[in-house]
1. Skipping prolines and chain starts, which residues have an amide H placed within reach, meaning under 5 Å, of the one on B:Tyr107, given they are 5 or more residues away or on another chain?
2. ³J(HN,Hα) across segment A:57-68 via Karplus (A = 6.51, B = -1.76, C = 1.60, θ = phi - 60°), whole Hz, x for Gly/Pro?
3. Given H placed 1.01 Å from N in the peptide plane, which residues other than close sequence neighbours of B:His52 have an amide H under 5 Å from its amide H?
4. In the Gaussian network model of chain A, springs joining C-alpha atoms below 10 Å, which of A:Gly20, A:Gly44, A:Gly98 carries the largest mean-square fluctuation?
5. Per residue of chain B, what 222 nm ellipticity follows from adding -39500 (n - 2.57) for every DSSP H run with n ≥ 4, rounded to the nearest 500?
6. Which distances, in nm and shortest first, link the A:Asp13 label point to the same label point in every other copy, taking 7 Å along Cα→Cβ?
7. Pairs of lysine in chain B with Cα under 27 Å and at least 8 positions apart or on different chains: total?
8. Distances from A:Asp110 to the same residue in each other copy, label points 7 Å out along Cα→Cβ, in nm, shortest first?
2 protein chains.
Amino acid sequence: MDQRGKQFITDSDIDWEDLGGGVKRKIMSYDENVMMVKVAFQTGGIGSLHNHVHRQISYVDSGIFEITIQENKKILKQGDAFFIPPNLVHGAFCIEKGTLIDIFTPYREDFISK
Amino acid sequence: MDQRGKQFITDSDIDWEDLGGGVKRKIMSYDENVMMVKVAFQTGGIGSLHNHVHRQISYVDSGIFEITIQENKKILKQGDAFFIPPNLVHGAFCIEKGTLIDIFTPYREDFISK
């Protein structure tokens, strides 16, 4: 089910996509300018260091994560957030099982073409 | 404290701004292209019907809300989300005390100039 343009998003209506390594995600909604993605991590799950031109702003929905942005690391927990300007190398390590809400602008076209 | 460009955002570092009517907010981070705002509602709190050119995508962090987008209404709870395309009239009524995570693109310059 494509979530493009969905205005009301009921979490339980959307299946998880298993990314392996204790990480799974679901696309909540998007258009060409903005996309919300929910990413669930098991303890020890890793979002490998990577970078992209899209701005990313993320909310820690639950759990505890060590977030890396370039040469800086910070432990963030439920209620905290982080912002990735374009092209900065970043990653996440899950210290305690939890979920991130990632927002991208523009949208992650590469997430859709799969 | 201006949150502009903040990359690591610790929730407890940021004070709430009381908007009255059982609603308060805090700006988590932003640049000119994207802004994350946390909005806490007491039960019965109202985000009045309004519209803006900014795209908005919001996550229900906690609580239960009746969300209105144009002529449509939906009850959303923790874990759900909603997406407001540009210029659509929308509002929120808090059925059970909770918090929304609102993301705007571009940023809400009107939230900063205050």
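Rule-based calculations on the coordinates, nothing more; no lab input. Predicted model only: the values in this text are computed from it and were never measured. Positions of Cβ are backbone-derived with ideal geometry, glycine not excepted, and every protein chain shown enters the neighbour counts.
1. B:Asn33, B:Val34
2. 10, 10, 10, 7, 6, 6, x, 9, 10, 9, 9, 10
3. HN-HN under 5 Å from B:His52: B:Asn87, B:Leu88.
4. A:Gly20
5. Working: 1 runs with 4 residues, N = 114.
After summing the helix terms and dividing by residue count, I get -500 deg cm²/dmol.
6. For A:Asp13, the other copies' label points sit at 3.7 nm, shortest first.
7. Counting lysine pairs in chain B gives 25.
8. 3.7
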